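Peer 1: Got a structure for you, written out below as structure tokens; questions coming shortly.
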Amino acid sequence: MTDEEYREFEEKFNQEQEEKAQKRLAELDKEFPLEERILRLEQAKAEEKLEKQKVELEEFEGDEPVIDTSQFQPLTVDELTKTLGLTIKRDQTNKLLTFLAQLSAYTEDSQLNISFNAPSSSGKSFIPTEIARLFPEKDVIEVAYCSPTAFFHDYGEFNKEKGGYTVDLSRRILIFLDQPHTLLLQHLRPMLSHDKKEIRLKITDKSQKAGLRTKNIYLVGFPTVIFCTAGLNLDEQEATRFLLLSPEINQEKIREAIYEKIKKESNSSLYSYELESNPERKLLRDRVLAIKQERIRLIKIANPGLVQQMFLERVKVFKPRHQRDIGRVLSLVKVFALLNLWFRERNNFIITANDDDIRQAFKVWDSISESQELNLPPFVFNLFKDVIQAAYKDKNGESDGMVQIGLTRQDIMQKHYEVYGRFLPPWQLKEQIIPLLEAAGLISQEQDTSDKRKTLIYPTALLSVPQTPNNGELHGGVEDKTIDQLTADEQLEVGKSVFGEGVKWAEETA
């Protein structure tokens, strides 16, 4: 047989095989609908993953007690925040989101990452570490300080076949406490954005004999990552991979925290006993362990159209970051379903989120979306509303001229002391806060015409300051209105704020 005849024979054979395959697929289409075939495939994948982890399951059941799930009832957001409030005062949204983020570690690929950015002594590390006490100790990794190479060596195991270190972070909660820099986060970027289930990194390591050597690191799985830092500057690549949160620093929260601290330190043994014997807290801890033991592999959303409708209602202009924002909303939907998995539609290791889960997720998202949209920690965003806008109004409220008077940094620091009762470090205002607000488009800086040595600050965004502070409260927020929704008098006030008293002169001469 010549080469040409062989090629003809091979093409004919492949064509016949393709026809047979298409015929078989057509028969399967008649026998099983498309949705049923997809469901069968999902079940097969879930069962395959479960089979691979059979040994791990046997060890797991030996270490931890099997929880009776018949004791659980559907858990609402109010009931959850009330239980978390036994130790964490106020910070309703912060503690709820932190709990949901840590619970998301038990999903397949819907983990949430959180970055707490706030000044020292504000409680940014207290919230995640306190909530982590509700989770199995072996699932939580708390790191006070760690260089990138040390992290990989400490938590990695050498794999001879791959010739590198394997770091398995599946179903883990990583809490970085008071990190001075974000170098480690830069190494973890592909993992934080869930690019691949297994990622290979190359790092350099120094040895006494060989000097600098390259090592292969294999990151496996997606953990929940919580990053706490007093620094307010985050690279945009990190900022878009995290939910940016800041603890409340209002007087009511600080007062209640002081009372709780006195109660705890007065008799720590009695405090711990009462806390651990609290029935709601014990039930929540059992619930977390039971969710882990269920090993849910897939969470579907029954009504994706509702998600699309509610998200598009909140977006005026599309931005690249919205592709990640919708991912966070979907993760919240799935975690709410996971929280009440025994009361959701279920098929073995697959559960389905309902419309209530979608609405709860958007309710939580609405409480933080404004600062997330601007890539700002809530602390910085609230400082803009409570301090800079208020100081600008105070300075220009009774000005009769057409030229608006800008703010100096001294004006801002003085107003900050009036509002919060503490001094704002000049270096932090100059090097961190002002660049963040300028990058977000909320302020502009101009040279003072009367004194070239001074730089004046002007708010560029006119936001209405709410009556209750939006520092992580579920029902807080800024009320946005379009120009068409304003009354004639309100439109005139906006015009005066933007264009100065020239609007007033135009009104009087009209």
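Throughout, read-outs are computed from the coordinates displayed, never taken from laboratory work. Just so you know, these numbers come straight off a predicted model, no measurement behind them. FYI the Cβ positions are ideal-geometry reconstructions off the backbone, even for glycines, and counts take in every protein chain you see.
Peer 1: Determine the shape class of segment 296-373: with a ≥ b ≥ c the square roots of the Cα gyration tensor eigenvalues, call it rounded for a/c under 1.5, and otherwise prolate if a/b is greater than b/c, oblate otherwise.
Peer 2: prolate
Peer 1: Hey, another quick one. Quick check: residue separation of SER193 and GLU280 times 0.36 nm, minus the Cα distance between them. What number comes out in nm?
Peer 2: Extending this stretch completely gives an extra 27.8 nm.
Peer 1: Kindly put TRP342, TRP427 in sequence by how many other C-beta atoms sit within 10 Å of each C-beta, fewest to most.
Peer 2: Taking fewest neighbouring Cβ atoms as first place, the list is TRP427, TRP342.
Peer 1: Stretched out fully, how many nm does the piece from ASN347 to GLN15 gain, at 0.36 nm a residue minus the Cα gap?
Peer 2: So the chain would gain 115.6 nm between ASN347 and GLN15.
Peer 1: Residues with beta-carbon under 14 Å from that of THR229, excluding THR229: net charge, scoring Lys, Arg +1 and Asp, Glu -1?
Peer 2: -2
Peer 1: Still on this model: GLU157 versus TYR458, label points 7 Å from Cα toward the beta carbon: distance in nm?
Peer 2: Taking the two extended label points, one gets 6.3 nm.
Peer 1: Expressed in nm to one decimal, what extension gain is obtained for the pair TRP427 and PHE318 from 0.36 nm per residue of sequence separation less their Cα-Cα distance?
Peer 2: 35.8 nm
Peer 1: Sorted from fewest to most neighbouring beta carbons within 10 Å, what does the list ASP68, ASP109, ASP386 look like?
Peer 2: With the sparsest Cβ surroundings first, the list reads ASP68, ASP109, ASP386.
Peer 1: What does the charge count near ASP357 come to, summing +1 for each Lys or Arg and -1 for each Asp or Glu among other residues with Cβ under 13 Å from its Cβ?
Peer 2: Local charge sum for ASP357: +2.
Peer 1: Sort PHE311, PHE152 by Cβ crowding within 10 Å, fewest neighbours at the top.
Peer 2: In order of increasing Cβ crowding within 10 Å: PHE311, PHE152.
Peer 1: In the structure shown, do any of LYS82/LYS253; LYS160/LYS292; LYS124/LYS319; LYS316/LYS430 have a Cα-Cα gap over 22 Å, and if so which?
Peer 2: LYS160/LYS292; LYS124/LYS319; LYS316/LYS430
Peer 1: Under 5 Å between amide hydrogens, which residues at least 5 positions from GLU345 or on another chain qualify, with H placed 1.01 Å from N in the peptide plane?
Peer 2: THR352
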